[in-house]
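What follows is a set of notes on a single structure, which appears directly below.
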Amino acid sequence: MTILISGANSGFGLLATERFARAGHAVAAGYRSRARAEKLFALVESGLPITPLELDVTNTQHIANAAEAFTDVTALVNNAGFGIRGPIEHISDTTYQTQFDTNVLGIIRMVRAFGPQLRASGNGAIVNVSSLVGIITLPFSGLYAASKHAVEAISEALYIEMRGFGVRVTLIEPGIFPTEFGANALMEPNFTPASPYAPLAGKLGAALGPWIASAAGQSPSLVSEAIFRAVTDPTTPFRQLVGPDAAQMAPAYRATDFENFAGGMLTQLGLPGILDLPAA
């Protein structure tokens with residue numbers, strides 16, 4: 001059995017690669033840039049059963065090459081993705097196309113390429129790495145959140161479509177964890193300090209600082225363990241919230257209407273009044 005993991009050069013993907021390999025599973029570990037995959041290649045050189053492969057999920061030739069090279073894939077972990085920040089009004093065509101090309105269409109391309117193998121196995125697994133923002137959208141992360149909302153929809157459809165072929169589909173929804181994700185996130189080029197949204201973004205950024213800082217104590221291995229469990233334990237539920245922030249916020253979001261949730265969240269952040277309409 002081969003576990004194929006996209007975005008395996010860092011973060012959750014790298015940790016999941018190591019977790020499966022140390023458990024004795026053969027892992028095909030996809031990376032986009034060799035220059036940024038030193039930690040992955042160090043694992044390979046340590047003798048673990050990992051085969052690195054160049055795999056940009058926006059590149060159909062890379063995916064075709066992977067499907068030709070690995071014909072015994074029974075578990076597909078769609079982890080490749082990145083974030084873009086900026087107000088919706090400023091998002092350019094190039095920005096949203098790049099974001100969705102990787103985070104959404106990348107998953108579709110991978111399922112299209114490896115779906116036949118997974119169905120043929122009769123006992124396959126697809127694990128899609130989403131995010132808490134696939135449920136709860138944060139301001140100035142709306143485009144990234146939209147991509148993860150799409151991942152949620154795709155995963156729900158796949159769960160039903162592939163169940164009859166013995167393929168289990170699981171959705172991983174991490175909260176904030178200390179990984180390279182934040183450093184790798186991009187800012188919309190049109191979002192400059194001159195933007196009318198800049199003051200609000202500054203206030204929100206400062207208010208979210210303590211929440212983000214508190215995540216420093218959360219081990220990203222919680223996510224890699226959830227991915228491992230999703231593949232190896234058939235009783236794993238479809239939706240896996242990972243991290244105390246995700247476990248607390250998602251139920252709170254679902255328990256009320258959006259206006260009350262948004263107002264309560266901003267009040268907790270010390271920003272009451274942001275949603276007040278300006279005087280006529």
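The values are calculated or read from the model by the stated rules, or taken from the named source; none is laboratory data. Everything numeric in this text was worked out from a predicted model, so none of it was measured. Positions of Cβ are backbone-derived with ideal geometry, glycine not excepted, and every protein chain shown enters the neighbour counts.
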Those residues of region 194-222 which are touching a residue at least 40 places away in the same chain (Cβ under 8 Å), in a helix (DSSP H, G or I) and over 22 Å from the mean Cα position of the chain (by Cα), in sequence order: Leu200, Ala201, Lys203, Leu204, Ala207
Number of the condition not met by Val44 [criteria: (1) within 20 Å of Pro220 (Cα to Cα); (2) touching a strand residue (DSSP E or B) at 6+ places or on another chain (Cβ under 9 Å); (3) assigned to a helix (DSSP H, G or I)]: (1)
Number of positions in region 182-229 that are acidic (Asp, Glu) and in contact with a Gly (Cβ under 8 Å, 6 or more places away or on another chain): 1
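Please enumerate the residues belonging to region 60-99 that are hydrophobic (A, V, I, L, M, F, W, C) and not in a helix (DSSP H, G or I).
Phe70, Val73, Ala75, Leu76, Val77, Ala80, Phe82, Ile84, Ile91
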Single unsatisfied condition, Pro278 versus (1) of a type outside the set (Asp, Glu); (2) touching a strand residue (DSSP E or B) at 6+ places or on another chain (Cβ under 7 Å); (3) loosely packed, with under 12 Cβ neighbours inside 10 Å: (2)
Enumeration of residues in region 160-193 that are surrounded by fewer than 18 Cβ atoms within 10 Å (Cβ to Cβ), within 18 Å of the chain's Cα centre (by Cα) and of a type outside the set (Asp, Glu): Pro178, Gly182, Ala183, Asn184, Ala185, Leu186, Met187
Residue among Thr236, Thr256 that alone is polar (S, T, N, Q), in contact with a strand residue (DSSP E or B) (Cβ under 7 Å, 6 or more places away or on another chain) and part of a loop (DSSP other than H, G, I, E, B): Thr236
Condition check for Gly11: on the phi > 0 side of the Ramachandran plot and within 22 Å of the chain's Cα centre (by Cα): yes
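Of these, Ile126, Ile63, which one is farther than 30 Å from Arg254 by Cβ, touching a Lys or Arg at 6+ places or on another chain (Cβ under 9 Å) and buried (at least 20 other Cβ atoms within 10 Å of the Cβ)?
Ile63
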Residue within region 125-132 that is touching a residue at least 24 places away in the same chain (Cβ under 8 Å), in contact with a Leu (Cβ under 9 Å, 6 or more places away or on another chain), in a helix (DSSP H, G or I) and closer than 26 Å to Phe228 by Cβ present: yes
Any hit, region 205-228, residues being surrounded by 18 or more Cβ atoms within 10 Å (Cβ to Cβ), β-branched (Val, Ile, Thr) and at pLDDT 90 or above: yes
Residues being assigned to a loop (DSSP other than H, G, I, E, B), among the charged types (D, E, K, R) and either within 15 Å of Gly81 (Cα to Cα) or at pLDDT below 90 (or both) - total across region 148-193: 1
Candidates Ala69, Ala80, Ala23, Ala37 - the one that is within 22 Å of the chain's Cα centre (by Cα), aliphatic (A, V, I, L, M) and under 30 Å from Pro234 (Cα atoms): Ala80
Residue within region 43-57 that is at pLDDT below 95 and over 20 Å from the mean Cα position of the chain (by Cα) present: no
